[in-house]
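Asker: Just dropping this structure here.
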Amino acid sequence: MSVHKEVKRVTVHVVQAMKMRGEKISMLTAYDFSMARILDAAGIDVLLVGDSASNVMAGHETTLPITLDQMIYHASSVVRGVKRALIVVDLPFGTYQGDSKGALNSAIRIMKESGAHAVKLEGGKEIEDSIKRILSAGVPVMGHLGLTPQSIYKFGTYTVRAKEEEEAKRLIKDAKHLEKLGCFAVVLEKIPAALAKQVSESINIPTIGIGGGGDTDGQVLVTHDLLGITKDFHPRFLRRYLELFDLIKGSVEQYIKDVKSGDFPNDNEQY
Ligand code: KIV
């Protein structure tokens with residue numbers, strides 16, 4: 001008799017129920033099959049195929065250059081590595097702003113061609129038509145407020161957002177609006193912890209913070225930052241769990257030495 005162990009998938013309803021019972025939601029970025037498999041095996045709740053792939057995978061300075069085709073490639077690789085986690089994919093810059101029909105087409109391409117479960121869009125009221133249209137097709141939408149990296153040239157810097165009262169009020173209004181539109185969750189990036197707490201208490205959908213303190217309903221980090229694959233990036237909100245850049249570099253230096261010296265391969269490492 002084969003013992004088939006059922007894996008219970010994380011759905012948008014599961015993460016909403018987690019907020020209701022006060023259970024924190026864990027989320028990390030993933031862009032490829034191998035890493036997604038490890039993160040899923042560890043029990044991560046949500047995987048974000050973030051447009052931060054533009055920075056950490058492709059080496060661009062901003063998230064703006066990544067294309068829809070590239071996001072679909074990353075997302076489909078992640079989907080093949082995951083059994084349990086909810087997979088959310090960023091709609092890249094230029095595929096949803098000011099064009100709700102284009103937004104729907106972009107979201108449908110992501111869902112059809114990658115097999116992911118939801119999409120994420122940056123912005124509030126100004127993108128409501130795109131959000132409504134995507135939701136009308138039955139595609140779950142995660143919002144993203146605060147520091148929205150696709151608008152970096154409007155902000156000018158990656159510093160903390162909504163420190164002033166006017167911007168904070170607008171952010172709270174936007175969060176409530178996203179909830180009313182039907183978004184299932186919202187990322188709050190780099191805003192004061194007190195504001196993130198206030199937003200989290202004002203809406204019934206989960207808030208996922210990055211640089212928003214400990215009172216959001218969940219936390220997200222860029223996996224490459226958490227593992228120390230990225231170098232020279234030390235924002236206050238980041239906790240590094242490994243220094244993988246140095247570990248990989250050390251291993252490769254040893255491999256190079258072994259090849260040069262003739263130590264590798266040895267008698268047991270050949271046919
Ligand atoms: O693209 C990304 O990695 C993100 C997270 C920082 C939330 O949007």
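Just so you know, all these numbers are worked out from the coordinates, no wet-lab data involved. It should be emphasised that the depicted structure is a prediction, and the values quoted were computed from it without experimental measurement. Virtual Cβ from ideal backbone geometry, glycine too; neighbours counted across all protein chains shown.
Asker: Pull out the extension gain between E201 and R84, defined as 0.36 nm times the separation in residues minus the alpha carbon to alpha carbon distance; nm, one decimal. Before the final figure, lay out the partial values.
Answerer: Numbers: separation 117, 0.36 × 117 = 42.12 nm, distance 2.80 nm.
Length difference between fully extended and current span is 39.3 nm.
Asker: What is the gain in length, in nm to one decimal, between Y271 and D215 on full extension, counting 0.36 nm per residue of separation less the C-alpha to C-alpha distance? Present the calculation step by step, with values, prior to reporting the outcome.
Answerer: Details: separation 56, 0.36 × 56 = 20.16 nm, distance 5.74 nm.
Value of the extension gain: 14.4 nm.
Asker: Normalised radius of gyration for segment 108-149, please: alpha carbon Rg relative to 2.2 N^0.38 Å, two decimal places. Each step should come with its number before you reach the end.
Answerer: Values: Rg = 10.8 Å, N = 42, 2.2 N^0.38 = 9.1 Å.
Against the empirical 2.2 N^0.38 Å value, I get 1.18 for segment 108-149.
Asker: Now, a different point. Quick one: if the Förster radius is 25 Å, what FRET efficiency do D99 and I152 give, using the C-beta to C-beta distance and rounding to 0.05? Spell out each step's value before the answer.
Answerer: Details: r = 20 Å, r/R0 = 0.82.
After rounding, the FRET efficiency stands at 0.75.
Asker: Positive end of the charge dipole of the chain (Lys, Arg +1 and Asp, Glu -1 on Cβ, about the Cα centre): tell me which of V252, A42, I66 has its Cα farthest that way.
Answerer: Final value for the positive-end residue is A42.
Asker: Here's a follow-up. Counting only trypsin sites (Lys or Arg not before Pro) that sit in a DSSP loop (anything but H, G, I, E, B) with at most 16 other Cβ atoms within 10 Å, what is the longest stretch of the chain containing none of them? Can you show the working numbers first?
Answerer: On the way: sites that count: K5, K8, R9, R21, K24, K83, R84, K163, K231, R236, R239, R240.
Here the longest segment lacking exposed loop sites spans 85-162.
Asker: Suppose R0 equals 51 Å; then what is the FRET efficiency for E167 and I108 from their Cβ-Cβ distance, rounded to the nearest 0.05?
Answerer: That pair, E167 with I108, gives E of 0.95.
Asker: What GluC sites (Glu not before Pro) does segment 34-128 have in DSSP loop regions with at most 11 other beta carbons within 10 Å?
Answerer: Values: sites: E61, E113, E122, E126, E128; in loops: E61, E122.
Answer in residue order: E61.
Asker: Same structure, new question: Find how much the distance from A194 to Y255 grows on full extension, using 0.36 nm per residue of separation minus their present alpha carbon separation; answer in nm with one decimal. Walk me through the numbers on the way to the answer.
Answerer: Numbers: separation 61, 0.36 × 61 = 21.96 nm, distance 4.90 nm.
Taking A194 through Y255 to full extension adds about 17.1 nm, to one decimal.
Asker: Name the aspartates and glutamates eligible as straight-distance cross-link partners of K257: C-alpha to C-alpha under 14 Å, and not fewer than 8 places from it in the same chain.
Answerer: Excluding near neighbours in sequence, the set is empty.
Asker: State the percent of C-alpha pairs, over all pairs in segment 114-271, separated by a distance greater than 25 angstrom.
Answerer: On the way: 5595 of 12403 pairs.
Of all Cα-Cα pairs in segment 114-271, 45 percent lie more than 25 Å apart.
Asker: Are there any chymotrypsin sites (Phe, Trp or Tyr not before Pro) in segment 118-213 that are in a DSSP loop and have at most 16 other Cβ atoms within 10 Å? List them by number. Walk me through the intermediate numbers first.
Answerer: Numbers: sites: Y153, F155, Y158, F184; in loops: Y158, F184.
Loop-located and lightly packed - Y158.
Asker: Let me ask you something else. Tell me, what does the Kirkwood hydrodynamic radius of segment 47-106 come to in angstroms if you use every pair of distinct C-alpha atoms? All intermediate terms of the calculation are to be shown ahead of the outcome.
Answerer: Numbers: mean 1/r = 0.0827 Å⁻¹.
Evaluated on segment 47-106, it is 12.1 Å.
Asker: Another question about this same structure. Counting pairs of alpha carbon atoms under 8 Å apart in space and at least six apart in sequence, what relative contact order in percent does the chain give?
Answerer: On the way: 501 pairs, mean separation 41.2, N = 271.
It comes to 15 percent, rounded to a whole number.
Asker: So which of K19/K112; K24/K197; K169/K190; K125/K169; K231/K260 end up more than 18 Å apart by C-alpha?
Answerer: Numbers: K19/K112 29 Å; K24/K197 14 Å; K169/K190 16 Å; K125/K169 13 Å; K231/K260 28 Å.
Violating the 18 Å Cα-Cα cut-off are K19/K112; K231/K260.
Asker: If you take the square roots of the eigenvalues of the alpha-carbon gyration tensor of segment 12-240 and sort them as a ≥ b ≥ c, do you get rounded (a/c under 1.5), prolate (a/b over b/c) or oblate?
Answerer: Values: a/c = 1.21, a/b = 1.10, b/c = 1.10.
It comes out rounded by the Cα gyration axes.
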